[in-house]
Amino acid sequence: MKHPRASLPTPTSTNSFWHSEPNKFLLGHRTTEELPAEADIVIVGTGTTGTSAARFLTEDVRAKGKSIVVLDAREACWCATGRNGGHCQPLLFDRGSEVATFELRNVAAVRSYIQSNNVPCEWRDVSGCRTFWTEGAMAEAEREIESLKTTAPEIASQVRVIRDKEELKKHRVSSDTIGATLTAGAASLWPYKLVTFMLEKLVKEGKINLQTNTPVTEISSADGKHTLHTSRGTITSETVILATNGYTSALLPHFADLIVPVRGEMSALHPPKGSTLIPDSYGMVGALGQPENNDDYLVQRPFSGVPNLGGHLMFGGGRGASKLPSVGVSDDTVIDEGSAAYLRSALLKVLALDGETSDLAELRAAAQWTGIMGYSRDDHPWVGKVPDKEGLWLCAGYTGHGMPNGTLCGKAVVDMVLGELEGKDLGELQEQMVKDGDMPSSYVLSKERIERARTTYLTVEQQDERGVHMIGVV
């Protein structure tokens, strides 16, 4: 079965609320007027992963003196990270304790960087509240949590099941829901501001050469070097890191069935007049008649202490109400009116919002937009060297769950790159990284995993059609 490749990021896109306060230093930024002809290391992508990889490279003594060029097809952080839901919520019972531990470490690493550098990105520590709208989805969550109590009691202790209607009220959850889980270690933030803070700092310190609006159209390889072809010429390097997520197969065609672009809908909604800040970040599984493999997701911006006040409800999802295809779609120039209408009205039904709600049929949107996620065929990111492509590395495929993964996945790929450059055996290095908790074993990119994904798992399209649960939180 031939799978269509993703397109490159489109030159224009729908207007993300997160871009309403653009980083003026980075708009149109090119550290050098001309694209360098070569570099020691080239990174493609300026989202959480690519920017984190750049940062960890510059902080590692093994990369001292190496030239680092970072490319993006659009403005800095203008693809998935600049268009997502603002969540940094670890999943503690969905993918096993190894992944849960890694995601908790990732959130802690993001928090530490923000606190150490005083990054103004609206970081707020919250609990993660996931509501379940069918008995089947609730029962599956309870089974997974019971299993976790046996395999990883320390992680399980950070998860609580709520079925009591009075307690659900305390979390502003509608009494119509079946139940909810409450998990520790979650946060909300303005992701674009975090990433652009890092990029601006790296550029101003002279540590990277950033070239925006420079789409890579093809990668050709010969004599141990990779040539990246762009609309502005070529750049050659022995080491290339692709942090391209849903757009990966535009440059790696043989990954078309392994990382599939999926368009997600997002909105920034004005809260009801007189309402107060919701206490948690939220996920809604199978809400309002949507399939059980559809998740909606919500965080709220502050009402005070920030430049752009308003307490916007940052709400995404609504795929079950979509009027347009989403799986296999890498075009974010279009808003899906079905999903957008669902998002405007659903919060008044799934939450017990306070304030003046009695006359409201829907919430007013400050912004509506779409973003492209990268769904992984086996539900885990792909982190490591591309088989049979010496010096070409990949870190992508988060299935809509990049914020609690991208930072330390970026670090993991850097550790592999630099470890191999200093002569370490990659297989042994990966084994040690897994043992040390620096990367889950299920994330390691290998020929064996590629074969296993293709022979064991349905395609992403088939999984979606048959209702197999994929996270889907942009």
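The values are calculated or read from the model by the stated rules, or taken from the named source; none is laboratory data. Quick caveat, the model's predicted, so the values are computed rather than measured. Quick reminder, even Gly has a Cβ in these numbers, built from the backbone with ideal geometry, and neighbours come from all protein chains shown. Just so you know, the surface numbers come from the protein's heavy atoms only, side chains and all, with ligands and any DNA or RNA stripped out. Shrake-Rupley method; radii C 1.70, N 1.55, O 1.52, S 1.80 Å.
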Item checked: Hits in region 305-323 - residues which are without any contact (Cβ under 8 Å) to a residue 40 or more places away in the chain and out of contact with any helix residue (DSSP H, G or I) (no Cβ under 6 Å at 6 or more places or on another chain) -> Gly305, Leu309, Gly320
Margin query: Six or more apart or on different chains, Cβ atoms under 9 Å: show the pairs whose first residue is in region 153-175 and free of Cβ contacts under 8 Å to residues at least 60 places away in the same chain and hydrophobic (A, V, I, L, M, F, W, C) and whose second is open to solvent by less than 90 Å² (accessible area, probe 1.4 Å) and assigned to a loop (DSSP other than H, G, I, E, B).
Written below: Ile162/His171; Leu168/Ser174; Leu168/Ser175; Leu168/Thr177; Leu168/Ala352
Checklist line | Residue that is outside any loop (DSSP other than H, G, I, E, B), surrounded by 16 or more Cβ atoms within 10 Å (Cβ to Cβ), of a type in the set (Lys, Arg) and modelled with pLDDT of 95 or more, where the choices are Arg105, Arg5 | finding: Arg105
Note to self: Which of the helices (runs of 4 or more DSSP H) found entirely inside region 359-467 contain at least 2 residues meeting this: under 30 Å from Leu313 (Cα atoms)?
What the structure shows: 406-421, 460-465
Next item on the list: Tally the residues that are under 30 Å from Gly128 (Cα atoms), open to solvent by less than 40 Å² (accessible area, probe 1.4 Å) and not in a loop (DSSP other than H, G, I, E, B), restricting the search to region 185-232.
Entry: 12
Check: Can you tell me which of Pro302, Pro272 is buried (at least 18 other Cβ atoms within 10 Å of the Cβ), part of a loop (DSSP other than H, G, I, E, B) and touching a residue at least 24 places away in the same chain (Cβ under 8 Å)?
Finding: Pro272
Next item on the list: Would you be able to tell me the number of residues in region 138-175 that are open to solvent by less than 50 Å² (accessible area, probe 1.4 Å) and more than 26 Å from Leu353 (Cα to Cα)?
Entry: 6
Note to self: Go through region 114-138 and report how many residues are within 20 Å of Phe56 (Cβ to Cβ), part of a helix (DSSP H, G or I) and touching a residue at least 12 places away in the same chain (Cβ under 8 Å).
What the structure shows: 2
Next item on the list: Considering each residue of region 282-294, count those that are open to solvent by less than 10 Å² (accessible area, probe 1.4 Å) and either over 23 Å from Asp332 (Cβ atoms) or out of contact with any strand residue (DSSP E or B) (no Cβ under 9 Å at 6 or more places or on another chain) (or both), and give that number.
Entry: 4
Checklist line | Test result for Ile235, buried (at least 23 other Cβ atoms within 10 Å of the Cβ), in a strand (DSSP E or B) and in contact with a Ser or Thr (Cβ under 9 Å, 6 or more places away or on another chain) | finding: yes
Next item on the list: Quick one: Tyr443 ticks every box in (1) open to solvent by 10 Å² or more (accessible area, probe 1.4 Å); (2) touching a helix residue (DSSP H, G or I) at 6+ places or on another chain (Cβ under 8 Å); (3) among the hydroxyl-bearing types (Ser, Thr, Tyr) except a single one, so which number is it?
Entry: (1)
